[in-house]
1. As I understand it, the value is the acute angle between the Cα axis of helix 51-62 and the longest principal axis of the Cα atoms of the chain; what does it come to in degrees, rounded to 10?
2. Set the Förster distance to 25 Å, then compute FRET efficiency between residue 254 and residue 282 from the Cβ-Cβ distance, nearest 0.05.
3. Just to be sure I understand the model, the point goes 7 Å from the Cα along the line to the Cβ. What's the resulting residue 297 to residue 38 distance in nm?
4. How do 50-59, 103-112 rank on mean C-beta neighbours within 10 Å, highest first?
5. Which one, 286, 179, 150, has the greatest fluctuation when you compute a Gaussian network model over the chain with C-alpha springs under 10 angstrom?
6. Top mean-square fluctuation among 251, 136, 192, Gaussian network model of the chain, C-alpha springs under 10 Å?
7. With the Cα gyration tensor of segment 52-205 giving a ≥ b ≥ c as the square roots of its eigenvalues, does the rule (a/c under 1.5 for rounded; else a/b larger than b/c for prolate; else oblate) give rounded, prolate or oblate?
8. Contact order normalised by length for the chain, with contacts defined as Cα pairs under 8 Å and 6 or more residues apart; what percent is it?
């Protein structure tokens, strides 16, 4: 019951945030018969209707990348499937093999420890016409390819929790047999819930340490800024809103791509002013080297977990 309530909260957050964002294109072309996209005629199966699986399903429906009737979500929990069918109007089933057989694009969203069993189950219906997108942390494309056999088209993705509010950061890596065009499908799906980029798989551990674990680092910074505000007399609610919005606004300034973060920092820093004094304290506390060490440690751990 607790897990079900948690998923309902996640979907409520997603509806409030993603639905308010401007529509993103999925390589749309207009023609005489109406609106055509790269996903026209495609069917997607999401194996695993947990947190990230449901986030991606909602993103695709909300962004009109696919209609709900062309998305099938599988899960072992009938109650969860009933909830997904009711809230998203997607197709649901407990039969992974059937879902894979009827789909062109398969998103593998099961937990890493359940991967071997799931891959063995769906292997009989794998064909070269199907594309597999894995969002399991630490599971390599090589492992999936060997488990599925028949030279499957596999892509590996590292998303992050900010996808819940349509602001995720994700990286996509191609396996040995994936086609160049396959990446565009994965990017379009992930761009529905944030920003996505393509990287070589050898960099996936670095991505895990940076953007995969990164939201936790940001939350610590927001929490610390909030505590500082409270110490100086602000209410916690007010301090937290100011801290979070400051982080959000600063990130958006960086993403405009017009100025380097150092230039933006200098823009805020007046000679002998309040910001200069604060930055001096941060440098004395070795904030740069501490954050760099955190990312490196997380990347190292990701490599260890991947074996």
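1. 80
2. Working: r = 17 Å, r/R0 = 0.69.
Approximately 0.90, to the nearest 0.05.
3. According to this spin-label approximation, the distance is 3.9 nm.
4. Top to bottom by mean Cβ count within 10 Å: 50-59, 103-112.
5. Checking each option, the largest mean-square fluctuation is seen for 286.
6. 251
7. On the way: a/c = 1.56, a/b = 1.11, b/c = 1.41.
Judged from the Cα gyration tensor, segment 52-205 comes out oblate (a/c at least 1.5, b/c at or above a/b).
8. Values: 467 pairs, mean separation 40.7, N = 307.
Relative contact order for the chain comes out at 13 percent.
Read-outs throughout are calculated quantities, based only on the coordinates presented, and are distinct from any laboratory measurement. Just so it is clear, the model here is predicted, and its values are computed rather than measured. Methodologically, a virtual Cβ is constructed for each residue, glycine included, from the backbone with ideal geometry; neighbour enumeration extends over all protein chains shown.
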